[in-house]
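Asks: This structure is in structure tokens; I'll ask about it shortly.
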Amino acid sequence: MNENKTPKNTILKTTVTIIIAFVIFFAIVALKLNSSRLFSSKVGVTAVKNMKEVDTLFVGASSFRKGLNMHTIDDSLNGSSYMLTYNGNQPMNMDLEIKELFNSGVKINTLVMEFDPGMISSGPDLSDKRLLWDIGFKSQYDLWKLLSTREDADFFMCYDYWVSSNIDYFATYFISAPVIAKRYYLGGNTGEDDVKGLSADELDALDVIEAPGFSDLQKSSLQDIINLCKANNTKLICIESPNYKKMYEDLNYAEKTSLLKEFLLENDIETITKDELSFDYTNPAYYSDLSHMSSEGMNVYTKEIIDLLNR
């Protein structure tokens, strides 16, 4: 008998083991990709879906989240409120988020979208992979189709997008979710952290890196958001969370500010920028960096936004 010959039953066992391993692997990935249906989240798109209706929904990036105290909003603004923000939230991302909400039957009476010129020049991007946890498979696929057009799109990006993103959160969900939820109130800033402002010298030492232009993708995404709001009888308001004054000295940023405001006004969207606010964006004590507010700045800005929306 040839001892080097592998018995058929050993080959069969190895094959079955490999198949089972692949089945388990793909089952875990499939469950992760459907997390928005499986888990009830207290933050993000899923949380808004669970509300069914919201009177005032704030949508934007981290600058908006860190600029509004949601406890004060909840106490002072009429009706129900919620904040839906992701880090680096482009108009492209917000379009997917809002579309997902409307397709789920959520009624939004007023949508307050952040006026953010810094997000309108770039191509498709996903800075915050938490978004993939909160949206359904169709939205995930639509987002990937956009990301796959990038020059740097490759196998590793694809693997990170579909497989490895949020897998650690999925594995530890029942421990991680309650801990993360404590950092938010109604999806936004609890106002409990004491974020100090920087000095003028510290802020002036920070670099401003702004690409020029208004990309076709971001413009079409904004147009889609406008059309969605009109189709669903949702009032749309764009409000700027003012940056520190140094940002406005950058020529690319100044040009994008003008382009974005012009586009919104051409579409008859109520637009409120720093020029229409009394908020002192030249005060360094109000900022922890060039685009994020300190606790002091947040509370001053929140009060003005409440007064503005209640009017």
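Asks: Listed residues 143, 203, 198; which is in a loop (DSSP other than H, G, I, E, B) and either open to solvent by less than 40 Å² (accessible area, probe 1.4 Å) or at negative phi (or both)?
Replies: 198
Asks: Here is a further query. Which residue is nearest to residue 75 (Cα to Cα), if the candidates are limited to the stretch 211-238 and must be part of a loop (DSSP other than H, G, I, E, B) and open to solvent by less than 40 Å² (accessible area, probe 1.4 Å)?
Replies: Per the stated criteria, the residue is 234.
Asks: Within the stretch 260-305, take every residue that is more than 22 Å from the chain's Cα centre (by Cα), over 13 Å from residue 240 (Cα atoms) and hydrophobic (A, V, I, L, M, F, W, C) and give me the one that is most open to solvent (accessible area, probe 1.4 Å).
Replies: Checked the stretch 260-305; the qualifying residue most open to solvent (accessible area, probe 1.4 Å) is 265.
Asks: Output the residue which, of all residues in the stretch 146-190 that are among the small types (Gly, Ala, Ser) and in contact with a Leu (Cβ under 9 Å, 6 or more places away or on another chain), is surrounded by the fewest Cβ atoms within 10 Å (Cβ to Cβ).
Replies: The residue in question is 153.
Asks: Would you confirm, using the coordinates I've provided, whether residue 143 is of a type in the set (A, V, I, L, M), under 15 Å from residue 221 (Cα atoms) and out of contact with any Lys or Arg (no Cβ under 8 Å at 6 or more places or on another chain)?
Replies: When the stated conditions are applied, residue 143 passes them.
Asks: Would the stretch 175-196 turn up any residue that is touching a His at 6+ places or on another chain (Cβ under 6 Å), within 27 Å of residue 106 (Cα to Cα) and not small (Gly, Ala, Ser)?
Replies: Within the stretch 175-196, one or more residues are touching a His at 6+ places or on another chain (Cβ under 6 Å), within 27 Å of residue 106 (Cα to Cα) and not small (Gly, Ala, Ser).
Asks: Take residue 23 and decide whether it is surrounded by 10 or more Cβ atoms within 10 Å (Cβ to Cβ) and either in contact with a Cys (Cβ under 8 Å, 6 or more places away or on another chain) or closer than 18 Å to residue 135 by Cα (or both).
Replies: Judged against the criteria, residue 23 is not a match.
Asks: Quick check on residue 246: is it among the charged types (D, E, K, R), surrounded by 15 or more Cβ atoms within 10 Å (Cβ to Cβ) and out of contact with any Phe, Trp or Tyr (no Cβ under 6 Å at 6 or more places or on another chain)?
Replies: yes
Asks: Continuing with this model, one more query. In the stretch 47-72, what residues are in contact (Cβ under 8 Å) with a residue 60 or more places away in the chain, within 14 Å of the chain's Cα centre (by Cα) and crowded, with 23+ Cβ neighbours inside 10 Å?
Replies: If the condition is that a residue be in contact (Cβ under 8 Å) with a residue 60 or more places away in the chain, within 14 Å of the chain's Cα centre (by Cα) and crowded, with 23+ Cβ neighbours inside 10 Å, then 48, 58, 60, 63, 64, 65, 66 are the ones that fit.
Asks: So which of 118, 123 ends up being within 26 Å of residue 290 (Cβ to Cβ), assigned to a helix (DSSP H, G or I) and open to solvent by 20 Å² or more (accessible area, probe 1.4 Å)?
Replies: Testing whether each residue is within 26 Å of residue 290 (Cβ to Cβ), assigned to a helix (DSSP H, G or I) and open to solvent by 20 Å² or more (accessible area, probe 1.4 Å) leaves just 118.
Asks: Name the pairs: first residue in the stretch 76-88 and free of Cβ contacts under 8 Å to residues at least 40 places away in the same chain, second residue in a strand (DSSP E or B), Cβ to Cβ under 8 Å, at least 6 apart or on different chains?
Replies: Taking only residues 6 or more apart or on different chains, the pairs are 79/55; 79/56; 79/109; 80/53; 80/54; 80/55; 80/56.
A quick yes/no check of all residues on (1) closer than 21 Å to residue 203 by Cα; (2) modelled with pLDDT under 95; (3) in a loop (DSSP other than H, G, I, E, B):
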{"residue": "263", "(1), (2), (3)": "no, no, no"}
{"residue": "271", "(1), (2), (3)": "no, no, no"}
{"residue": "280", "(1), (2), (3)": "yes, no, yes"}
{"residue": "289", "(1), (2), (3)": "yes, no, yes"}
{"residue": "298", "(1), (2), (3)": "yes, no, no"}
{"residue": "301", "(1), (2), (3)": "yes, no, no"}
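Asks: Is at least one residue of the stretch 217-230 under 22 Å from residue 299 (Cα atoms) and among the hydrophobic types (A, V, I, L, M, F, W, C)?
Replies: The answer is no; no qualifying residue exists.
Asks: Here's another thing I want to ask about it. Output the residue which, of all residues in the stretch 102-115 that are among the polar types (S, T, N, Q) and outside any loop (DSSP other than H, G, I, E, B), is most open to solvent (accessible area, probe 1.4 Å).
Replies: This residue is 103.
Asks: Next question. Do we have residue 41 as small (Gly, Ala, Ser), modelled with pLDDT of 95 or more, within 30 Å of residue 116 (Cα to Cα) and surrounded by fewer than 22 Cβ atoms within 10 Å (Cβ to Cβ) here?
Replies: No, not satisfied.
The values are calculated or read from the model by the stated rules, or taken from the named source; none is laboratory data. Note that the structure is predicted; figures quoted are calculated from it, not measured. No Cβ is skipped: glycine too gets one built from the backbone with ideal geometry, and neighbour counts run over all protein chains shown. Just so you know, the surface numbers come from the protein's heavy atoms only, side chains and all, with ligands and any DNA or RNA stripped out. Shrake-Rupley method; radii C 1.70, N 1.55, O 1.52, S 1.80 Å.
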